Structures are given as C-alpha cells and as structure tokens.
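Here's the structure, in structure tokens; my notes come after.
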Amino acid sequence: MNRRQAYEAAERRRSLTIAGISTVVVILAIMFLVPLAPGWPQVKASFFDGAVFADTFPTLLKAFMIDVMIFAWSVPIILVLGLAIALARGAQAPALFPLRIFGAVYVDVFRGVPVVLTIYLIGFGVPGLGLPRPWNSPYIWGTVALVLTYSAYVAEVLRSGIESIHASQRNAAICLGLNERDTMRYVILPQAIRRVVPANMNMLVALQKDVALLSFIGPVEILRQAGIYKSLLANFTPYVVAAVIFLLVTVPATRYADYLLNRDRNARS
Amino acid sequence: MWKLLTTAALGTVLMAGTVAAQSCAEGKTLTEGKLTIATGNPAYYPWAIDDTPENGQGFEPAVAYALALEMGFAREDVVWTRTSFDQAIQPGTKDFDVNMQQFSITPARDKIVDFSEPYYTAPMAVLVRGGDGIEPNLAALKALKWGVVATTTALPVVMQTIAPTSSPLVYDDTANVAEAMKAGQIDAALFDLPTALYLSAVVLEGGQVLGQFAADESDNPDHFGMIMTEGNPLKECVDAALGRLKKDGSLAGIEAEWLQEATGVPLIQ
C-alpha cells in the first residue's frame, strides 16, 4: 500500500467513524427524547400496540395479496398502453396528426387529475352506466383507472427516452435502408427502453403504493382492512402494520431501481 | 349611586348565570363557560338537518342542546365544531368537549376514549334497491353482495349474523355505499334504521328497507354514545344530565320528533 492509498484508507475510516457516531447519537436522541413528550404513552398505545400488531398482521398480509394481484395484472397493460401513447405522440407523418393530438390530450388529462379522483369517477361512474355483473366490478374499473393514470406517466418517460436517442442513430438506420417502422423497432426503441428502465422502476413502486387507493371504491385490500381494524379497535396500530408490509416490498424495489440507475450512470460515464 | 346599583345588579345576574352554568362542568370544559360539541363533516340527515347543527334541527343537535341546557349551558354557550372519525379517536388533546356523530359504543373503542351513556339504540336495517324478488330471511341474504361503511359496526354484524357467501365491499361513507348500489356493484347494505330509511326515501331511487334486525336479537345492539377524551372529568356531568333527560322522557320525545316523524316512516315495532 503506497502513501496515497494509506491516506485514503485513513480518511475513509475517519468518515465512517463520524457517520457511525452521528447516527447512533441521532437514534439515541430519538429513543430518549420522544418518550419524554407528555403525550407519548397515549401515542404509544394508539400506534404501537404490540398485541394489536401481532393480531392484525396475518390478516393484513393476506389483504396485501389483493394489492399485489391488482399490481401484477396492471403492469403489463400499463407498459403496452404507455408505449402506444408514446409512439402516438411521436408520430411524424402529417396524416397522423390527430393521433398526436390524442396522445397529448390523454397525457395532459390523466397526468393532471389526481389518481383518487380518477378512481372515484371511473370506479363509480362507468359501472353506473348500467353494466351487468361481473363487468361492473370495482376491481376491473379500479384497474382501468390505475392503467389510465400510470400509462400517461409511463408514456412520458418512454417519450423522453425515445427523444434522448441521438438523431445520428436514426440517420444511420435510414442509410442502412431501414424504413421508419423498422428504425423505431430495431434501432431506437431497444436503446430508449433500456435507458428509461430505472425511471419506470420508480413508476412501478409508486403504482404499488397507489393500488391501495382502490379501497375507496369498495375492495377490502390492505389499507381498507387496516381502516376496518382501526374502527373496530379505535387504534391506529393496524396502519403502522400496513406501512411496514408496504416497506417490506417497496424498499427492495426502490433499492433495485437505485442500483439500475447507478449502473446505467456508470456505464455511460 | 345609579352606577353602583347597575354594577351590583349586573354582577348578580352574571354571578347567577355563572353559578348555574358551572355547578358540575366548572373548569372541566375546553373553554370556560362554553360547551364545545363536535359532529361529522358533513352531518347527515336525519341526524342533523341541512348540515347545520347550530339551528338545533335534527335528532343529534336537539339532544345536544337539551343536554347542554341540562348541564347549565345556555343555548348561546354551545359551540359547534367538526371532526372526522379519526380525529375523534386519535391520541392527544382534542378540540371538543363531546363528540356526537353516531359513534357505536364498543369495548375496544372504550379503552381508547370515554363514551357517555348511550343516547340512542339503533336497530340494524337492510337496504336494497329494487328488492322485490328478495325474501327477508337469512338464507336469501347470504346470497347477496353486501356493502357497508367502514367506521360503523355494520361489518361485524354482516360477517357474524349474515355470513354472506361473497365477501362484503367496504366504503368510506353512506354516500359511497349509495353510489355503489346505483352502479349495481352491491345488492344490499346494512345501516342503522334511520340512516337506511333516509337513504331509501331520499338518496336512492328505487331503494327500500327490506327488513331490520331487532336490537335485542342481534349480538351487537348498536348503542350510540358521545365520545370524550379518555379520563375526561366531564363524563360524570354528561352522564348525569343524560340520565335526567332519559328519566323525564325528554330524550324519548326528541327521538320521536326527529327520528320517527321526520323520516316519515314509523319505526317497525
């Protein structure tokens, strides 16, 4: 080890020590100071009741499977529709101008309206037209609302990916004799999609959380189940349980998205 | 001399007022000399008329003003405020003395907040839309798709007494349940009788009350109590005043006036 490396190692040790000490100090401060607050016993009883935690955990975990299910069938539809909208917005031919307008309006509307509102309006409104069972199911129309909203976001992400591909790629493809469709399919999209994978991972994490909003139109998934327990027990601990269950899934997912982002950045630099 | 007399007279009047108002509740209310009563936002008919409890119209405002008077508060000393269900049960200081919005008394809730003595006992009633072909018996009820409001005790009653074959859908408030029924997403809903009568008569076109569960037959007779913070010293004054209102028949009179005559449908004996 040369002097330079030894110096850097010492510096690293020093910063690690400082980071460790400050972390411990902050945690200890929280652990000691929060219980000193006059309302802590009540907050502890309402939010961190061990018995309630243990009692409600299994049912809440089971209710979470509904969220996972809705998430699982929403994702492929969102990706396909998002790509279609992104391509519609990027259509070059003059005759396809209506398609571009449609894409722009679609993205503006569904990115602009809060997800909960879309869920309410579609979840109650469309079945209210008189659809027979099972086609008026809140699961179907809740999923439609999520798909509409998230495909608008995903379309924008994909479009930014498509636009980030340098014009020289397109020109090179044309020189090779590829037509516009094949250029998009074999040259632009493969690069664009790879480039926006980390951003879309973020969208998926957000989607996984927003699935819980379907509880507003009837399904008893984890958020609603926690709300039911809250009402029955007059205790907020079930919400903490639900938050913990969400974190078990979303933290690894966000870490993976970060990892992809870093890898992408390192590969480019 | 005149000045002295006026001052003395005024003093006596004020003293008298103060003494009367504070015999029991003195120093126990949020604001000295005022009784702060919370209700829902919005406050629904028939519990409050026109969402304005200040005018004393409707069962709960009428009970509130009678109670306040019994406790020694003049009409103008009653202050109204609004809370959600969650604000009523969350830990910490509350911005109301008593909270009155059809809270069912349950042992689990009683651990977290204080309940007054019950001021009303509601039988549970089944609300359906276009229910001509449905027999009001348990076997027929089992086959229906149920919807309930999350914060009421209707869900445990549906699960235990009716035990439907498909799991019930759960909503935030009565308006959403009515909307789901219009959209054909649910067949039947369980409410306390006055709410069911109101929904069938006013909100839900083609709605009808299929039948009711006698309060004494049900495992879970729905007693409504006012919520106070845990350990609130005001509870004894509220309970004593409620006891007097029950004994002299004024509570029953208020119930007859606002829940039987106002809804236009007599209670089924």
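Among the polar types (S, T, N, Q), under 18 Å from A:A72 (Cβ atoms) and part of a helix (DSSP H, G or I): does that describe A:Q191? Criteria not met by A:Q191. B:A38 meets all of the listed conditions (1) within 14 Å of chain A (Cβ to nearest Cβ); (2) assigned to a strand (DSSP E or B); (3) not β-branched (V, I, T) but one, namely (1).
Do we find a residue being of a type in the set (D, E, K, R), open to solvent by less than 70 Å² (accessible area, probe 1.4 Å) and in a helix (DSSP H, G or I) anywhere in region A:249-267? Yes: region A:249-267 contains one or more residues that are of a type in the set (D, E, K, R), open to solvent by less than 70 Å² (accessible area, probe 1.4 Å) and in a helix (DSSP H, G or I). For the residues B:D172, B:D95, the requirement of being under 23 Å from the mean Cα position of the chain (by Cα), away from every other protein chain (no Cβ under 14 Å), open to solvent by 10 Å² or more (accessible area, probe 1.4 Å) and of a type in the set (D, E) singles out B:D95. Just one of the numbered conditions (1) facing chain A (nearest Cβ under 9 Å); (2) closer than 21 Å to B:A122 by Cα; (3) over 24 Å from the mean Cα position of the chain (by Cα) is not true of B:I162: (1). Within region B:37-54, the set of residues being open to solvent by 10 Å² or more (accessible area, probe 1.4 Å) and more than 19 Å from B:F191 (Cα to Cα) comprises B:D50, B:D51, B:T52, B:E54.
When each of B:L234, B:L245 is tested for being at pLDDT 90 or above, open to solvent by less than 40 Å² (accessible area, probe 1.4 Å), more than 15 Å from the chain's Cα centre (by Cα) and within 24 Å of B:T195 (Cβ to Cβ), the lone residue that passes is B:L245. Restricting attention to region A:197-240, the residues that are closer than 16 Å to A:T118 by Cβ and at the interface with another protein chain (Cβ under 7 Å from one of its Cβ atoms) add up to 3. If you go through region A:137-156 one residue at a time, do you hit one that is touching a strand residue (DSSP E or B) at 6+ places or on another chain (Cβ under 9 Å), crowded, with 21+ Cβ neighbours inside 10 Å and at pLDDT 90 or above? Among the residues of region A:137-156, at least one is touching a strand residue (DSSP E or B) at 6+ places or on another chain (Cβ under 9 Å), crowded, with 21+ Cβ neighbours inside 10 Å and at pLDDT 90 or above, which makes the answer yes. Considering only region A:117-136, how many residues are within 14 Å of chain B (Cβ to nearest Cβ), part of a helix (DSSP H, G or I), surrounded by 16 or more Cβ atoms within 10 Å (Cβ to Cβ) and not small (G, A, S)? Residues in region A:117-136 being within 14 Å of chain B (Cβ to nearest Cβ), part of a helix (DSSP H, G or I), surrounded by 16 or more Cβ atoms within 10 Å (Cβ to Cβ) and not small (G, A, S): 5 in total. Put simply, of A:V75, A:V52, A:V109, A:V105 the only residue that is without any contact (Cβ under 8 Å) to a residue 24 or more places away in the chain and either closer than 28 Å to A:F246 by Cβ or in a helix (DSSP H, G or I) (or both) is A:V105. Restricting attention to region B:79-92, and to residues there that are at the interface with another protein chain (Cβ under 10 Å from one of its Cβ atoms) and at pLDDT 85 or above, which single residue is most open to solvent (accessible area, probe 1.4 Å)? Among residues in region B:79-92 that are at the interface with another protein chain (Cβ under 10 Å from one of its Cβ atoms) and at pLDDT 85 or above, the one most open to solvent (accessible area, probe 1.4 Å) is B:Q90. Number of residues in region A:62-115 that are open to solvent by less than 30 Å² (accessible area, probe 1.4 Å) and of a type in the set (F, W, Y) equals 2. Taken residue by residue, region A:248-269 has no member that is under 15 Å from A:D49 (Cβ atoms) and more than 10 Å from chain B (Cβ to nearest Cβ).
The values are calculated or read from the model by the stated rules, or taken from the named source; none is laboratory data. Quantities reported herein were computed from a predicted structural model and do not represent experimental measurements. No Cβ is skipped: glycine too gets one built from the backbone with ideal geometry, and neighbour counts run over all protein chains shown. The accessibility values were calculated without ligands, DNA or RNA, using every heavy atom of the protein model including side chains. Shrake-Rupley method; radii C 1.70, N 1.55, O 1.52, S 1.80 Å.
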